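Report on the following structure.
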Amino acid sequence: MPYDHKKIEKKWQKEWEKSGIYKTPDEVKGKENFYTLVEFPYPSGNLHTGHWYAFSVPDIFARKKRMERKNVMFPIGFDAFGLPAENAAIQRKINPKKWTYENIDYMRKQIKSMGASFDWTREVITSDPEYYKWTQWIFLKLFEKGLAYQAETPVNWCPKDKTVLANEQVVGGKCERCGTEVVQKNMKQWMLKITDYAERLLSGLDKLNWKEEIKEAQKNWIGKSEGAEIDFEVKNSKEKIKVFTTRPDTLFGATYMVLAPEHPLISNFKSQISNFKEVEKYITEAKKKTQLQRQKEEKEKTGVELKGIKAINPANKEEIPIWIADYVLMGYGTGAIMAVPAHDERDFEFSKKFNLPIVDRPLIDKDEIVKKVGGKKVIQYRLRDWVVSRQRYWGAPIPVIHCEKCLTQAVPEKDLPVLLPEIKDYKPRDDGKSPLAKAEKWLKVKCPTRLPDGQECGGNAERETDTLDTFVDSSWYFLRYCDPKNPKAFASAEKLKTFMPVGLYSGGAEHTTMHLLYSRFFYKAMFDLGLVPKELGDEPYLERRNRGIILGPDGQKMSKSKGNVIDPDEYVEKFGADTVRMYLAFLGPYNEAGSYPWNQQGILGIKRFLDRVWKITSPRSSTLGVESPKTPSVFPRSDVARLLHKTIKKVGEDIEKFSFNTAISALMILLNEMEKVGASAEDFGVFLKLLAPFAPHLTEEIWSKLGNKNSIHTEEWPKYDPKLIEETTFELIVQINGKVRDKFEAPAGISEAEATSLTLSREKVKSILGDKKPSKIIFIPRRLINFVI
RNA sequence: GCCGCGGUGGCGGAACUGGCAGACGCACAGGACUCAAAAUCCUGCGAGAGCAAUCUCAUGAGGGUUCGACUCCCUCCCGCGGCACCA
C-alpha cells in the first residue's frame with residue numbers, strides 16, 4: 001500500500017511549526033554554530049520548480065548538519081523590492097506593495113509545503129521599513145566615506161523598464177530583466193565605488209573554497225590587466241595624449257595613434273584640425289550607435305584621421321598620424337591607444353583598411369623603455385563603478401536631500417527610514433525621472449542640515465527621487481538574519497560574531513557577477529568601516545556552491561510559451577513533497593552548473609522507493625525485528641551490518657559533497673538488501689535516520705509509529721564503526737596481460753606469494769597460461785593480480 | 001580570440017589515489033499474481049559473435065606514457081558557461 005502522503009505531510013508540518021524545532025537560538029551550550037544560506041526568492045507570485053530545487057535540496061544538507069549536533073541557522077526571507085515585482089504589479093494594474101505582500105503570504109505557504117527546515121522567526125523582507133531603514137543607513141555610511149557618489153556619466157538606459165541599469169545588469173547589450181536593447185545616455189546617477197575594491201575582490205578569491213569556474217567568472221568580470229601609461233606629445237602643441245598599453249615593449253612599432261570618438265582632447269584641437277567637419281560627423285554617428293550595434297558591426301573598422309595634427313612616438317621621435325575610431329573605447333584605459341599593427345590584430349586590420357604603415361621593429365625591454373620615455377606602470381580593471389540609482393517606484397528611497405544652499409546632504413540618522421510614499425501613479429516615466437518626482441508633499445522638505453552656528457539650515461530643499469537598485473537590498477540581507485529584529489542596528493556585533501561568516505552559500509550561477517560580487521564588495525566596505533567585526537575577516541561566504549537548472553521534459557528551458565512548464569504543486573499533490581524533493585536531489589550532482597530535464601517517469605522511481613520504505617514497516621509484510629526464518633539469509637548477518645555501516649559512511653560523505661544522487665543510490669542499495677534478508681529494528685532505525693534529511697515527513701511518521709516520542713530530526717546522525725567496514729575477504733581480480741580472466745574470493749591480508757600460488761592453481765588460469773611462464777607479476781593488495789606474459 | 005567546465009548505454013547518471021567501465025534509477029523485454037487490467041514481485045538489459053562456457057569491441061577522435069588509462073600527457077573535434085574591437 002502506498003502511504004498517505006497528504007495526511008502525513010500536513011500533520012508533521014503542523015507539528016514542527018507548533019514545536020518550533022527548526023528555530024535557531026543564537027547560541028546553544030556545547031554546540032558549534034553553522035550558517036548555511038540559500039538565496040532568498042523574489043515574491044514573483046508562484047513557486048516554480050527552480051525554487052524547489054534551490055530550497056528543498058540544500059535543506060538535506062542543513063538537516064544533516066543539525067543532526068550532527070550543530071546549531072544550524074538556515075534562514076529564509078524575500079527579496080521584495082525591485083523590478084520583477086513592480087513590473088508584474090503594473091501589468092496587473094495592482095499596487096506594487098499590495099501585490100508583493102499578497103505574494104509573500106502565498107509563497108510562504110508554498111515554501112512551507114516543502115517541509116524545509118527554515119527558521120521562519122528570522123524572516124527578512126527587504127521592502128519592510130524596518131529593513132530598508134538599514135539599507136539606507138548603510139548607504140549613508142558609504143556616502144560619508146565617499147564610496148557613494150553622484151556623477152554624470154554615460155550609463156545604460158533600458159527604454160522598456162525606463163530606468164538606468166548597472167553594467168552587470170546588461171547582458172550582451174540587453175537588459176537582464178526584459179531583454180530590451182539598452183542605450184547609452186549621459187545621466188547624473190548615484191554610484192558606488194566598487195572599483196576601489198577591484199584588487200581586493202580579486203585577491204580575496206584565492207583563500208575561498210569556491211569552485212574554479214565561479215572564481216574565473218568573477219576574475220573575468222573584474223578584468224585586471226597590467227601595463228603602462230605613456231605620454232605622446234602632439235607636435236606644435238603643449239598637449240600630450242596619454243595612452244594605456246599592455247605591450248610597451250612594442251613601442252618602436254607604433255605607427256599611429258587612435259583616440260576614442262568621445263575623447264575630450266579632440267575639441268581642443270578644433271582650430272588645427274583641417275577636416276573638423278568630417279571628424280564631427282563621425283563623432284555624432286558613433287554616439288548614435290548602441291553598444292550592441294558597435295559590437296554587431298563585427299570587426300569592420302571605421303575611423304577618421306585628425307588631419308593637421310601629428311603625434312610624436314616617444315621612442316624614436318617619429319611623427320605619426322592621429323586617428324579617431326570607435327574600436328577604441330572611452331570607458332577603458334585612457335580612451336587612447338598607440339597602434340602597433342605589427343603586433344595587434346585590430347591595429348593590423350585598421351591599418352590595412354586605411355593604408356597605414358606597418359613596421360616590424362625588434363621588441364625592447366619592457367621596464368626599461370617605460371622608464372626611458374617617462375611613462376609609468378599601471379594596472380587597469382574592466383570593472384566599472386556600480387550605478388545604484390533607479391528611476392523606479394518600488395525600491396528604497398535614496399536617503400539624501402538636495403538643498404539650494406547646502407547642495408546634496410544626507411538625511412539625518414534620526415529621520416531614517418525615509419519612507420516610500422504611497423502614490424497613485426507609480427508607473428515609470430520616459431523622461432529619466434522617478435515617479436516619486438511627482439509626490440509633491442513628500443518631495444519638498446526644509447533642509448535639515450546643521451550649519452556651523454548650530455542652527456538648522458531650513459532652506460528649500462527636495463528629496464532625492466531615485467530609489468536604490470534591488471541588488472543593494474540583497475547585498476547585506478544575510479547579515480540581518482543574524483539579528484533580524486534589532487531596532488538599534490542593522491545587526492549587533494555580538495550577533496554577527498555568532499554566525500558570520502556564512503559556512504555554505506548555495507545559489508544560482510546567474511548571480512556570480514552580480515549579487516555575489518556586490519555583496520562581497522559591501523561586506524569588505526562594511527568591514528573597513530568597522531561595521532563588521534575585525535575577527536570575522538572581510539569575506540562573507542567561506543564556501544559557495546552553484547546549482548544547475550531544471551529543464552522541461554523536452555530538455556528545453558521551461559517557459560510558458562513552450563508549454564513545458566512543470567508545476568511542482570501538481571506533483572506534490574500527486575506524490576508528496578518528500579518524493580518531489582528527493583527526486584530533485586536524485587537527478588544528478590547538485591554542485592555543478594549542469595542542467596537536468598524533468599523526467600515524468602523518473603519521479604516514479606523515488607515514489608516506489610518511499611512506498612517500499614513504508615511497506616517494510618507495515619505489520620503484514622514487515623520483516624522488522626524478525627530474524628526472518630522464512631526468508632533464508634543469503635548473506636551472513638555481519639554482512640548486513642557491514643553494508644549498513646558502509647552506507648552511513650557514504651551517505652554522510654556524499655551529503656557533505658552535495659552528491660545527493662549517490663547518497664540516495666546508497667540508501668536504495670541498503671533497502672534492497674534489508675528487504676531480502678531482513679533487518680533488526682535497531683538497524684532499520686539507523687536507516688531511517690539516514691533517510692530523514694531526504695524524506696523528512698515519511699521518516700518522522702515511521703519513527704513515531706515505531707514508538708519514539710521525540711522527533712527523528714532531533715536525533716543524532718549515525719556514526720559508523722570503521723572496524724565493521726573493513727572487509728575480511730575481497731574479490732581478487734585476475735588479469736593476464738591486463739585483461740580480466742578470472743576472479744575469486746581471497747583473504748584481505750593475502751601476500752603476493754600466496755596470491756600467486758592460489759591464482760596459478762586455478763583451472764581457468766592454467767588453461768590460458770599453458771606452459772608459458774609469466775615474465776612479470778603485479779600484485780595490488782586488496783585488488784588484483786596481473787600476469788604479464 | 002582568451003579563460004573555465006564538460007563529453008561514459010535508449011535516457012539521468014556511477015566509478016577510490018591509474019586497478020572488474022556502466023552502481024542506482026528510468027525506459028524496455030520476458031515471467032509470476034489476476035477473469036482481466038493497474039499496482040506489486042521475479043529475471044534480463046552497452047554492441048557484436050556463439051547452443052554454451054566464453055570471446056572480441058567499446059568511456060567524443062587520433063596518438064603517447066604504463067603491466068594496466070573514463071582517469072595522466074600531447075594534438076584535434078564538439079557542447080556549456082564567463083569575458084571580448086578592453087589596447
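The values are calculated or read from the model by the stated rules, or taken from the named source; none is laboratory data. All values reported here derive from a predicted model rather than from experimental measurement. All Cβ positions, glycine included, derive from the backbone under ideal geometry; neighbour counts span all protein chains shown. Note: areas computed on protein heavy atoms with side chains; ligands, DNA, RNA excluded. Shrake-Rupley method; radii C 1.70, N 1.55, O 1.52, S 1.80 Å.
Quick one: in the stretch A:382-408, which of the residues that are surrounded by fewer than 17 Cβ atoms within 10 Å (Cβ to Cβ) and either at positive phi or hydroxyl-bearing (Ser, Thr, Tyr) (or both) is modelled with the lowest pLDDT?
A:LEU407
Hey, which of the strands (runs of 3 or more DSSP E) in the stretch A:143-216, taking only ones fully inside, have at least 1 residues that are under 20 Å from A:PRO84 (Cα atoms)?
A:148-158, A:163-165
Applying the selection to the stretch A:83-110, what residues are in contact (Cβ under 8 Å) with a residue 24 or more places away in the chain and outside any helix (DSSP H, G or I)?
Of everything in the stretch A:83-110, just one residue is in contact (Cβ under 8 Å) with a residue 24 or more places away in the chain and outside any helix (DSSP H, G or I), namely A:ASN95.
Considering (1) surrounded by 17 or more Cβ atoms within 10 Å (Cβ to Cβ); (2) in contact with a helix residue (DSSP H, G or I) (Cβ under 8 Å, 6 or more places away or on another chain); (3) farther than 21 Å from A:TYR505 by Cα, say which one A:GLN189 fails and leave the rest.
Condition not satisfied by A:GLN189: (2).
Please enumerate the residues belonging to the stretch A:77-101 that are closer than 29 Å to A:THR36 by Cα and either crowded, with 19+ Cβ neighbours inside 10 Å or modelled with pLDDT under 95 (or both).
If the condition is that a residue be closer than 29 Å to A:THR36 by Cα and either crowded, with 19+ Cβ neighbours inside 10 Å or modelled with pLDDT under 95 (or both), then A:GLY77, A:PHE78, A:ASP79, A:ALA80, A:PHE81, A:GLY82, A:LEU83, A:PRO84, A:ALA85, A:THR100 are the ones that fit.
Criterion first (open to solvent by 10 Å² or more (accessible area, probe 1.4 Å) and either within 12 Å of RNA strand B (Cβ to nearest atom) or under 23 Å from A:ASP528 (Cβ atoms) (or both)) does A:ASN220 satisfy it?
yes
Which condition number does A:THR245 fail, the rest of (1) hydroxyl-bearing (Ser, Thr, Tyr); (2) at pLDDT 90 or above; (3) more than 14 Å from RNA strand B (Cβ to nearest atom) being met?
(3)
Of the residues in the stretch A:380-389, how many are touching a helix residue (DSSP H, G or I) at 6+ places or on another chain (Cβ under 8 Å) and part of a strand (DSSP E or B)?
Number of matching residues: 3.
Evaluate the following for A:LYS764: is it at pLDDT below 85 and surrounded by 13 or more Cβ atoms within 10 Å (Cβ to Cβ)?
When the stated conditions are applied, A:LYS764 passes them.
Check whether at least one residue in the stretch A:455-468 is in a strand (DSSP E or B), open to solvent by 60 Å² or more (accessible area, probe 1.4 Å) and touching a residue at least 12 places away in the same chain (Cβ under 8 Å), and report yes or no.
yes
Could you check how many residues of the stretch A:567-589 are in a loop (DSSP other than H, G, I, E, B) and open to solvent by 10 Å² or more (accessible area, probe 1.4 Å)?
3
Applying the selection to the stretch A:399-418, what residues are charged (D, E, K, R) and either within 32 Å of the chain's Cα centre (by Cα) or over 15 Å from A:GLY459 (Cα atoms) (or both)?
Result: A:GLU413, A:LYS414, A:ASP415.
Can you name the residue in the stretch A:767-781 that is more than 25 Å from A:ALA748 (Cα to Cα), more than 10 Å from RNA strand B (Cβ to nearest atom) and in a loop (DSSP other than H, G, I, E, B) and is also most open to solvent (accessible area, probe 1.4 Å) among such residues?
Selected residue: A:LYS773.
Kindly evaluate A:VAL740 against the criterion of being open to solvent by 70 Å² or more (accessible area, probe 1.4 Å), within 11 Å of RNA strand B (Cβ to nearest atom) and assigned to a strand (DSSP E or B).
So A:VAL740 passes the test.
Residue check: is A:LEU604 out of contact with any helix residue (DSSP H, G or I) (no Cβ under 8 Å at 6 or more places or on another chain), among the aliphatic types (A, V, I, L, M), under 19 Å from A:ALA695 (Cβ atoms) and modelled with pLDDT of 90 or more?
Yes: the conditions hold for A:LEU604.
Of all residues in the stretch A:703-726 being within 24 Å of A:THR662 (Cβ to Cβ) and assigned to a loop (DSSP other than H, G, I, E, B), which is modelled with the lowest pLDDT?
Going through the qualifying residues, I end up with A:GLU726.
With respect to A:GLU715, is the statement that it is loosely packed, with under 15 Cβ neighbours inside 10 Å, under 43 Å from the mean Cα position of the chain (by Cα) and more than 30 Å from A:GLY770 (Cβ to Cβ) true?
So A:GLU715 does not fit the description; no.
What is the residue count in the stretch A:153-172 for residues that are without any contact (Cβ under 8 Å) to a residue 24 or more places away in the chain and among the β-branched types (Val, Ile, Thr)?
Here the count works out to 1.
This table checks each residue for (1) within 11 Å of RNA strand B (Cβ to nearest atom); (2) among the hydroxyl-bearing types (Ser, Thr, Tyr); (3) in a loop (DSSP other than H, G, I, E, B).
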| site | (1), (2), (3) |
| --- | --- |
| A:LYS301 | yes, no, yes |
| A:GLU305 | no, no, no |
| A:PRO321 | no, no, no |
| A:LEU329 | yes, no, yes |
| A:HIS343 | yes, no, yes |
| A:GLU349 | yes, no, no |
| A:LEU356 | no, no, yes |
| A:ILE364 | no, no, yes |
| A:ILE369 | no, no, no |
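Would you confirm, using the coordinates I've provided, whether A:THR49 is within 27 Å of the chain's Cα centre (by Cα), open to solvent by less than 20 Å² (accessible area, probe 1.4 Å), within 16 Å of RNA strand B (Cβ to nearest atom) and hydroxyl-bearing (Ser, Thr, Tyr)?
Yes.
Hey, among A:GLU700, A:GLU656, A:GLU673, which residue is more than 15 Å from RNA strand B (Cβ to nearest atom), at pLDDT 85 or above and charged (D, E, K, R)?
When all the criteria are applied, what remains is A:GLU700.
Kindly check whether there is at least one residue in the stretch A:249-256 that is more than 10 Å from RNA strand B (Cβ to nearest atom) and at positive phi.
no
What residue, among those in the stretch A:510-545 that are in a helix (DSSP H, G or I) and modelled with pLDDT under 95, is surrounded by the most Cβ atoms within 10 Å (Cβ to Cβ)?
It comes out as A:HIS511.
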